[in-house]
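Enquirer: Got a structure for you, written out below as structure tokens; questions coming shortly.
Read-outs throughout are calculated quantities, based only on the coordinates presented, and are distinct from any laboratory measurement. These numbers were taken from a predicted model, which means no experiment stands behind them. Glycine gets a Cβ as well: all are built from the backbone with ideal geometry, and neighbour counts include every protein chain shown.
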């Protein structure tokens, strides 16, 4: 069986990240755009993008990356934070302190009416299991998605996943023969 390769990258900084707000789907990147870290990809790689515009905007930071064959993959979408989208964390804490505490302490719950951390982890576990053998891709997605994948690959319990912080433009390199392996470098 040929090896699979996957580079997951979290999108560049947004205003919501800077201001401590729950993201909205249409949110652009902050200006000026950052200089991204060096990135090389395998010959024959494809580019997978989360459906939100900030994924494509982030991909444009690397010369030549948008020249790869591109697919928008809805499974790479951000965590759905329901009615909290666009709200500052402080505002949610004031308006719904118990709901926020529940959401932060129990990864199985979604008091905002969106998706729980457990839902996201299951979505990404299913996506990783279906990733085609012998495929090489670069995927631009969201910090929460990168966190869910890293947690799944390393077997981190859901309750401990919040200890993993994913910065803007963070890169997670994975390969698979019989199981997924993470490469740090």
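Enquirer: What's the exposure ranking of 87, 124, going from fewest to most Cβ atoms within 10 Å? Show your work: numbers first, answer last.
Expert: Numbers: 87 19, 124 24.
Ordered by Cβ neighbours within 10 Å, fewest first: 87, 124.
Enquirer: At a 10 Å Cβ-Cβ cut-off, how would you order 180, 103, fewest neighbours first?
Expert: On the way: 180 17, 103 21.
Listed from fewest to most nearby Cβ atoms, that is 180, 103.
Enquirer: What shape does region 30-87 have by the C-alpha gyration tensor, where a ≥ b ≥ c are the square roots of the eigenvalues, rounded means a/c under 1.5, and otherwise prolate means a/b greater than b/c and oblate the rest?
Expert: On the way: a/c = 2.97, a/b = 1.50, b/c = 1.98.
Judged from the Cα gyration tensor, region 30-87 comes out oblate (a/c at least 1.5, b/c at or above a/b).
Enquirer: Also, I was wondering about something else. Over what distance in Å are the Cα centres of region 86-133 and region 170-184 separated?
Expert: Taking the Cα centre of region 170-184 as reference, the centre of region 86-133 is 24 Å away.
Enquirer: Could you work out which residue, out of 83, 163, 121, moves most in a Gaussian network model of the chain, that is, has the largest mean-square fluctuation with Cα springs under 10 Å?
Expert: Comparing 83, 163, 121 in a Gaussian network model of the chain, the most mobile one is 163.
Enquirer: Also, quick follow-up: With an 8 Å cut-off on Cα pairs and a minimum separation of 6 or more residues, tell me the relative contact order of the chain in percent. The partial results should precede the final answer.
Expert: Values: 326 pairs, mean separation 65.7, N = 185.
Answer for the chain is 36 percent.
Enquirer: Test of understanding: ordering 49, 104 by Cβ neighbours within 10 Å, fewest first, what list do you get? Each step should come with its number before you reach the end.
Expert: On the way: 49 23, 104 13.
Placing the least packed residue first, the sequence is 104, 49.
Enquirer: Quick one: of the DSSP bridges fully inside region 28-185, what percent are antiparallel, nearest 5?
Expert: 35
Enquirer: How tilted is helix 117-130 with respect to the longest principal axis of the chain? Cα atoms for both, answer in degrees (0 to 90, nearest 10).
Expert: 10
Enquirer: What full-extension length gain, to one decimal in nm, is calculated for residue 80 and residue 43 as 0.36 nm per residue of separation minus the Cα-Cα distance? Could you put the intermediate results ahead of the total?
Expert: Values: separation 37, 0.36 × 37 = 13.32 nm, distance 3.38 nm.
Extra length available between residue 80 and residue 43 comes to 9.9 nm.
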